[in-house]
Amino acid sequence: MYNEYMKITFFGAAQDVTGSRHLIEVEDYKLLLDCGMYQGKRSIANERNKALPFAAKDINAVILSHGHLDHCGALPILVRDGFRGRIYCTGATADVARCILEDSGALQEQIANDYNRHHKGQDRVESVYTLEDARRVFSYFEPHPYYRISHEWITLNDHIRFKLYDAGHILGSEVIVLEIKEEGITKTLAFTGDLGRVDVPILHAREYIEEDVQAMLMECTYGNSNHRPISEVKLDLQRAIEDAVRLKSKIIVPAFSLGRTQELIYILHRMTDMHEIPSIPIYIDSPLAESLTDVFSRHKEDFNDEVVRDFERLGESPFAFKNLVYTHSVEESKMINNVEGPCMIISASGMCEGGRILHHLNNGIGNPNNIILITGYQAENTLGRKIKEGASPVMILGESHEVRAKVMVLDELSAHADQASLLAYLGHTSGIEHLFLVHTEMPQATIFKNTVESLHPNIDVNIPTLGEQVEL
Ligand SMILES: [Zn+2]
């Protein structure tokens, strides 16, 4: 008789927007949904990232929702500590994750080396993981197409299978639907990963789930607010660029190397072609962004009809145009410091927690003519969040800086669905009895929970805490 419950343990992105990892246990089968790295306050990050809260060798398989670091960044630890199963995802997600993990491995080594150099005579710290650890993950990926292409479920064992829907968040991103059948009982669980907007540039819009799902783990990063229409955002962008021309400013844009950067390039390319903005030099100062742009170009099957119509048909790349410059070496990056405005500098990291963006902020944040353009979600305790919320002075690379540059926030370019869009997704999914809100901070989650409860009184809505376990 099948009387075991399915257990779900929330090991990350619980009342938080980072470190996504959820453990599903069905009898003795252990499946991990995502294996992300925790990003945020250094002391908490070190603690959370140094070891996994479960035995890696006991995990049978991983399904990865997409290649952002906060969803895949702990895979090197999982493999190093004894995981020997498969990591399932789309081919594009595997390609994206390879770039992200290599970059992360190199960065972790650099952070540890820098620390040890500055703290000579003290105990040496070990790198969270190394570049070699990151590369060891690669052979565990098992890519599968979206269900809309393969029309096939993917089988994990005699009782568990899953399918992949397009989440429309970033290249390759998936919504995962798990089906567990035993003794004539079927349970269905969906995990949204990060959910995209409906009008996402470049990629296909997210797909809705066809089957009834009893339980859903749903992200609600923007559970309390709605984005303005993209047309208004373009007007803001236009105004910023016109101001930059007039004042000879630098527009400094912290952006994730993946997703936001390619979307911005695409939008700026379109606006330039349509003569909606004056032509100014645009620097993509992130080697990772450039390699990820290559990954985009290798996955044209994921481009939407508009991209095909406007670029591919003409034999043009959406990611290259005449005033766009990709910088590679550190020297080239430093040269941008001496460039006179107007220009735009798009650089990582997206939350200003490291990378070349810090040098550009260091150089430009004190000039009242400059503009800092915030285009993505800024987690608590990050420098990006402080700048977004108007803090001044701020610490950059160990020095205090007055924030004199104008700060503009274009949240609408976010790759995440807003409240209305999340509710629409929920409305399209039938059969939900239990909803678990993940990848969210408490103020957003609370408002979203109340809204869902008033609209769908039959759904049991939970905001799980870190490490909480539920049985279904
Ligand atoms: Zn994401």
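The values are calculated or read from the model by the stated rules, or taken from the named source; none is laboratory data. The shown structure was predicted, so the numbers you read here are calculated from the model rather than taken from an experiment. Here the Cβ positions follow ideal geometry from the backbone for every residue, glycine too, while neighbour counts run over all protein chains shown.
Filtering ARG136, ARG161 for residues that are modelled with pLDDT of 95 or more and more than 16 Å from SER65 (Cα to Cα) leaves a single hit, ARG136.
So, in region 1-19, how many residues would count as being of a type outside the set (Asp, Glu), outside any strand (DSSP E or B) and surrounded by fewer than 21 Cβ atoms within 10 Å (Cβ to Cβ)?
Filtering region 1-19 down to residues of a type outside the set (Asp, Glu) leaves 1-3, 5-15, 17-19.
Still in the running and outside any strand (DSSP E or B): 1-3, 5, 11-15, 17-19.
If we keep only those that are surrounded by fewer than 21 Cβ atoms within 10 Å (Cβ to Cβ) too, we end up with 1-3, 5, 15.
Result for region 1-19: 5.
Consider region 90-109 and keep the residues that are of a type in the set (A, V, I, L, M, F, W, C) and in contact (Cβ under 8 Å) with a residue 60 or more places away in the chain. The one that is farthest from the ligand (Cβ to nearest atom) is LEU107.
Considering only region 173-188, state which residues are more than 13 Å from the ligand (Cβ to nearest atom) and among the hydroxyl-bearing types (Ser, Thr, Tyr). Show your work before the answer.
Step one: of region 173-188, the residues more than 13 Å from the ligand (Cβ to nearest atom) are 176-188.
Across region 173-188, the qualifying residues are THR186, THR188.
Could you count how many residues in region 20-52 are assigned to a loop (DSSP other than H, G, I, E, B), under 30 Å from THR186 (Cβ atoms) and away from the ligand (no atom under 16 Å from the Cβ)? Spell out the reasoning first.
Within region 20-52, the subset assigned to a loop (DSSP other than H, G, I, E, B) is 20-21, 27-28, 34-41, 51-52.
From what is left, the residues that are under 30 Å from THR186 (Cβ atoms) are 20-21, 27-28, 34-36.
Keeping just the survivors that are away from the ligand (no atom under 16 Å from the Cβ) gives 27-28.
Counting residues in region 20-52 that are assigned to a loop (DSSP other than H, G, I, E, B), under 30 Å from THR186 (Cβ atoms) and away from the ligand (no atom under 16 Å from the Cβ) gives 2.
Against the definition (more than 16 Å from the ligand (Cβ to nearest atom), closer than 21 Å to GLU210 by Cα and touching a strand residue (DSSP E or B) at 6+ places or on another chain (Cβ under 7 Å)), how does PHE141 come out, yes or no?
Numbers: more than 16 Å from the ligand (Cβ to nearest atom): yes; closer than 21 Å to GLU210 by Cα: no; touching a strand residue (DSSP E or B) at 6+ places or on another chain (Cβ under 7 Å): yes.
In short, no.
Within the bounds of region 303-324, is there any residue that is touching a helix residue (DSSP H, G or I) at 6+ places or on another chain (Cβ under 7 Å), more than 27 Å from ILE387 (Cα to Cα) and of a type in the set (Ser, Thr, Tyr)? The answer is yes, given that some residue of region 303-324 is touching a helix residue (DSSP H, G or I) at 6+ places or on another chain (Cβ under 7 Å), more than 27 Å from ILE387 (Cα to Cα) and of a type in the set (Ser, Thr, Tyr). The set of residues in region 203-232 that are among the β-branched types (Val, Ile, Thr) and either farther than 11 Å from TYR425 by Cα or within 13 Å of the ligand (Cβ to nearest atom) (or both) comprises VAL213, THR221, ILE230. Which one of the conditions (1) free of Cβ contacts under 8 Å to residues at least 24 places away in the same chain; (2) closer than 29 Å to GLU102 by Cα does PHE138 fail to meet, given that it meets all the rest? With respect to (1) free of Cβ contacts under 8 Å to residues at least 24 places away in the same chain; (2) closer than 29 Å to GLU102 by Cα, PHE138 is out only on (1).
Considering region 360-395 alone, what residues qualify as being farther than 16 Å from GLY341 by Cβ and surrounded by fewer than 19 Cβ atoms within 10 Å (Cβ to Cβ)? Spell out the reasoning first.
Taking region 360-395 first, the residues farther than 16 Å from GLY341 by Cβ are 362, 374-395.
Scanning region 360-395 gives ASN362, GLU380, ASN381, ARG385, LYS386, GLU389, GLY390, ALA391, SER392, PRO393, VAL394, MET395.
Return yes when ILE170 is at pLDDT below 95, within 16 Å of the ligand (Cβ to nearest atom) and in contact with a strand residue (DSSP E or B) (Cβ under 8 Å, 6 or more places away or on another chain) and no when it is not.
Values: at pLDDT below 95: yes; within 16 Å of the ligand (Cβ to nearest atom): yes; in contact with a strand residue (DSSP E or B) (Cβ under 8 Å, 6 or more places away or on another chain): yes.
Taking the combined requirement at face value, the residue satisfies it.
Is one or more of the residues making up region 175-188 in contact with a helix residue (DSSP H, G or I) (Cβ under 7 Å, 6 or more places away or on another chain), in the same structural domain as ALA51 (by TED's automatic domain parsing) and not aliphatic (A, V, I, L, M)? Within region 175-188 (the criterion being in contact with a helix residue (DSSP H, G or I) (Cβ under 7 Å, 6 or more places away or on another chain), in the same structural domain as ALA51 (by TED's automatic domain parsing) and not aliphatic (A, V, I, L, M)), the answer is no, since none of the residues qualifies. The residue that is farthest from SER430 (Cα to Cα), among those in region 189-202 that are more than 13 Å from the ligand (Cβ to nearest atom) and among the aliphatic types (A, V, I, L, M), is ILE202. If you go through region 108-144 and keep only what is under 27 Å from the mean Cα position of the chain (by Cα), of a type in the set (Gly, Ala, Ser) and not in a helix (DSSP H, G or I), you end up with just SER127. Looking across region 339-397, just one residue is without any contact (Cβ under 8 Å) to a residue 24 or more places away in the chain and of a type in the set (Ser, Thr, Tyr), and that is SER392. In region 70-89, of all residues being within 14 Å of the ligand (Cβ to nearest atom) and touching a residue at least 60 places away in the same chain (Cβ under 8 Å), the one that is farthest from GLU174 (Cα to Cα) corresponds to HIS71.
Residue count for region 414-445, restricted to those that are of a type in the set (S, T, N, Q), surrounded by 15 or more Cβ atoms within 10 Å (Cβ to Cβ) and over 22 Å from the mean Cα position of the chain (by Cα): 1.
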